[in-house]
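Notes for the one structure printed next.
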Amino acid sequence: MNDLKSLIREVPDFPKPGILFYDITTLLQNKQGLRRVTDAFKDHYANAAIDVIIGIEARGFIFASALAYALGVGFIPVRKPKKLPWETLRVSYLLEYGSDSLEMHKDAVERGQKVLIVDDLLATGGTAVAVTQLVEDCGGVVAGLGFAVELTFLGGREKLAGHDVFSLVQYDQ
């Protein structure tokens, strides 16, 4: 899958100086690239007995909804604050360049449901740990976490110890 790197644009100094941003929009607009990512996720999780997939705003929605469709399971959006119309649970977390919060409907995950969390990028792990907390606070079971891209040098995987973490493309520096 590392050949997909040729479809990912590297943008220096975004969103602030010193950050190298891995822009997946170029991957998404490539029909073979998007299909390969979706199929690779589907192949990896085909026998995982997942009940529902969470997609993290915003780029995680793209992969998670396509995968939910492919696996025949439901999709749950986890969004920035005040974007969901019903009662929510909120969690705050640190990013590699600041802090943020996410929300999920209180009734989105049922007790005992096996939940797959999908996002575009695993960096420091703060976002993924936060969503894992939301799932567990609802009584759900995190069946795995899937990422299109992983920045291994930032150590996010270590913060998710004890969980099945899968990524398609890795950057070591």
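The values are calculated or read from the model by the stated rules, or taken from the named source; none is laboratory data. Note that the structure is predicted; figures quoted are calculated from it, not measured. For neighbour counting, all protein chains shown are included, and Cβ atoms are generated from backbone atoms with ideal geometry for every residue, glycine included.
With respect to the conditions (1) in contact with a strand residue (DSSP E or B) (Cβ under 7 Å, 6 or more places away or on another chain); (2) aliphatic (A, V, I, L, M); (3) more than 15 Å from S167 (Cα to Cα), L121 lacks only one, and its number is (3). If we keep just the residues of region 57-83 that are over 16 Å from the mean Cα position of the chain (by Cα) and in a loop (DSSP other than H, G, I, E, B), which is surrounded by the fewest Cβ atoms within 10 Å (Cβ to Cβ)? For region 57-83, the residue satisfying everything is G72.
Among the numbered conditions (1) touching a Lys or Arg at 6+ places or on another chain (Cβ under 9 Å); (2) part of a helix (DSSP H, G or I); (3) surrounded by fewer than 19 Cβ atoms within 10 Å (Cβ to Cβ), the only one that W86 does not meet is (2). Criterion first (in contact (Cβ under 8 Å) with a residue 40 or more places away in the chain and touching a helix residue (DSSP H, G or I) at 6+ places or on another chain (Cβ under 8 Å)) does F75 satisfy it? Here the answer is no, as F75 does not meet what is asked.
Of everything in region 158-173 that's aliphatic (A, V, I, L, M) and touching a strand residue (DSSP E or B) at 6+ places or on another chain (Cβ under 8 Å), which residue is surrounded by the most Cβ atoms within 10 Å (Cβ to Cβ)? Of everything passing the filter in region 158-173, V169 is surrounded by the most Cβ atoms within 10 Å (Cβ to Cβ). Cβ-Cβ distances below 7 Å connect the following pairs, each with a first residue in region 44-69 that is within 18 Å of P81 (Cβ to Cβ), a second residue that is surrounded by 19 or more Cβ atoms within 10 Å (Cβ to Cβ) and modelled with pLDDT under 95, and a separation of six or more residues or different chains: I56/T127. Residues of region 24-41 include none that is at pLDDT below 95 and under 19 Å from the mean Cα position of the chain (by Cα). When G155 is tested against (1) under 16 Å from the mean Cα position of the chain (by Cα); (2) over 18 Å from E57 (Cα atoms); (3) buried (at least 16 other Cβ atoms within 10 Å of the Cβ), exactly one condition is not met: (3). Taking region 1-33 as the range and being assigned to a helix (DSSP H, G or I) and either free of Cβ contacts under 8 Å to residues at least 24 places away in the same chain or among the hydroxyl-bearing types (S, T, Y) (or both) as the test, the residues that pass are D3, S6, T25, T26, K31, Q32.
Considering region 95-148, the residues that are at pLDDT 95 or above, in a helix (DSSP H, G or I) and touching a helix residue (DSSP H, G or I) at 6+ places or on another chain (Cβ under 8 Å) include one that is surrounded by the fewest Cβ atoms within 10 Å (Cβ to Cβ), namely V129.
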